[in-house]
Amino acid sequence: MPSVTNASGPIGAEVRGVDLSGEVDDALFARLRDLLHARGVVVVRGQHLTEADQVAFAGRFGSLQKILFSEHLVPGYPELFLISNVVEGGRNVGNTDAGRFWHTDGAYLPAPHRISMLYAVEVPHRDGRPLGDTVFTGMAAAYDALPRATKARIAGLKAIHSLVHRYETKTGSPEDLVARTRKYPPAAHPLVVRHPDTGRQCLYVSEGYTTGIEGMGEAQARELIDALCAHAVRPEFHYRHRWEVGDLLIWDNRQTLHKATFDYLPAERRLMRRATVSGEAFA
Ligand code: SIN
């Protein structure tokens, strides 16, 4: 029987005692999916997953994204990409930059990514302590905690989200990468989305991708976006994930933001495999 422990904040749960390699039966899958909807982020500890296992399990949630930046694909698995600081033969084996800013995956797409999952192959440690935590914030709790006047002000507004903004203004990325992001035009989504599975209202705004608000002047929109982002990342809404090798960390992009912690050195190896489940446009 799996053991499930909820984290102390509004999001996050840890599952032990299950094996997601090979066939995962319907009852276990349904239990994990429901837990994910209820808690936003779920870690399944102690896994030994091949690439095929990860693709098969992720595919139970829906169709998987083919990845944007092909140099970091796992050979033979276009649904998996690597996030890593490992350099082999003079080249980075994975994306070194993922999660540098608070964001929700695929917000710049008309149908943003629904669910993402990272599998920990190598985790950096120093003095016996894991490094490279991933921090999440719960956007349903953040919405609930807004003052009533703010809820009234943002009801019905749509925000603009842009990948180009993220690459051009925030990362100092090489020009070719910036150029490739230009084929993704900005997308507009409600500032408050209703989660289709829980019915809860969630703030949908992020430091990484949100650039404006439809029908609002630039300065006023920037002020509102910054205020909402600062509110959303208050520590009481957080779950901080401390990695162990063999963790499969699953998160629901419709109700969380996340951010990586870059507190490890180039020699302290970190290697993660990511799969991403496609989503639908918000109603
Ligand atoms: C991501 O944003 O998908 C990566 C998070 C991490 O590497 O911790």
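The values are calculated or read from the model by the stated rules, or taken from the named source; none is laboratory data. Fair warning: this is a prediction, and the values are worked out from it, not measured in the lab. Cβ placement follows ideal geometry from the backbone for every residue including glycine, while neighbour counts extend to all protein chains displayed. In case anyone asks, the SASA skips ligands and DNA or RNA and just uses the protein heavy atoms, side chains included. Shrake-Rupley method; radii C 1.70, N 1.55, O 1.52, S 1.80 Å.
From a point 7 Å beyond the Cα of T261 in the direction of its Cβ, which residues of region 127-168 have a backbone N at a distance under 19 Å? In region 127-168, the label zone of T261 (backbone N under 19 Å from the point 7 Å along Cα→Cβ) covers 127-138.
Can you compute the helix-only [θ] at 222 nm over the chain? Use -39500 (n - 2.57) per DSSP H run of at least 4 residues, normalise by all residues, nearest 500 deg cm²/dmol.
Working: 6 runs with 58 residues, N = 283.
Per the formula, -6000 deg cm²/dmol.
Computed from point charges on the beta carbon alone (+1 for Lys and Arg, -1 for Asp and Glu), the dipole magnitude for region 1-142 about its Cα centre is near 380 Debye.
Between V42, Y204, T261, the Cα set farthest toward the positive side of the dipole of the chain (charges on each charged residue's Cβ, about the Cα centre) is that of Y204.
For the chain, list the DSSP H helices whose alpha carbon atoms reach 15 Å or more along the long axis and whose average Kyte-Doolittle value is 0.0 or above? Don't skip to the answer; put the middle values down first.
On the way: long enough: 26-39 (19 Å, -0.02); 218-232 (21 Å, 0.13).
Sorted by number, the helices that extend far enough and score high enough are 218-232.
With the Cα gyration tensor of region 1-133 in hand, give its eigenvalues times 5 under a square root as the equivalent ellipsoid semi-axes, listed largest first in whole angstrom. Each step should come with its number before you reach the end.
Details: eigenvalues 120, 74, 58 Å².
Listed largest to smallest, the semi-axes of region 1-133 are 25, 19, 17 Å.
Excluding ligands, DNA and RNA, the accessible surface per residue across region 3-277 is 43 Å² with a 1.4 Å probe. Only one residue of G89, G246, P185 has its Cα farthest out toward the positive end of the dipole of the chain, where Lys and Arg carry +1 and Asp and Glu -1 on Cβ, and that residue is P185. Note on R100 and T198: the extension gain reaches 32.4 nm, defined as 0.36 nm multiplied by sequence separation minus the Cα-Cα distance. Lysine pair count for the chain with Cα-Cα distance under 26 Å and sequence separation of 8 or more or different chains is 10.
For region 218-280, the pair-distance distribution built from all alpha carbon pairs, in bins 5 Å wide starting at 0, is 3, 10, 18, 19, 16, 17, 10, 5, 2, 0 percent.
Computed on region 3-277, with alpha-carbon pairs under 8 angstrom and 6+ residues apart, the relative contact order is 33 percent. Summing Cβ point charges (Lys, Arg +1; Asp, Glu -1) relative to the Cα centre of the chain gives a dipole of roughly 620 debye.
Relative contact order of region 28-169: what whole-number percent is it, with Cα pairs under 8 angstrom and at least 6 residues apart?
Working: 85 pairs, mean separation 18.4, N = 142.
Relative contact order of region 28-169: 13 percent.
Here the calculated FRET efficiency for D226 and V86, from their Cβ-Cβ distance with R0 = 30 Å, stands at 0.30, rounded to the nearest 0.05.
Starting with the highest mean, order 105-115, 135-145 by the number of other Cβ atoms within 10 Å, averaged over the residues of each peptide. Display every interim value, and only then the final one.
Values: 105-115: 20.8, 135-145: 23.0.
Descending mean neighbour count gives 135-145, 105-115.
Between beta-carbons, use under 15 Å as the cut-off and find the net charge around R234, counting Lys and Arg +1, Asp and Glu -1. It works out to a net charge of -2.
Restricting things to Cα coordinates, could you compute the convex hull volume per residue of region 3-277 in Å³? Before the final figure, lay out the partial values.
Numbers: hull volume 37.1 nm³, N = 275.
Taking only Cα atoms, region 3-277 has a hull volume of 135 Å³ per residue.
Each label was represented as a point 7 Å from its Cα along the Cα-to-Cβ direction; for E280 and A145 these points are 3.0 nm apart. Which of P185, P147, P130 moves most in a GNM of the chain, Cα contacts under 10 Å? Taking springs between Cα atoms under 10 Å, the residue moving most is P147. For K259, the accessible area of its heavy atoms, probed at 1.4 Å with every protein chain present, is near 60 square angstrom. A straight line joining the Cα centroids of region 197-257 and region 80-136 runs 17 Å. Note on the chain: GNM, Cα springs under 10 Å; of K151, K183, K66, the largest mean-square fluctuation is that of K183.
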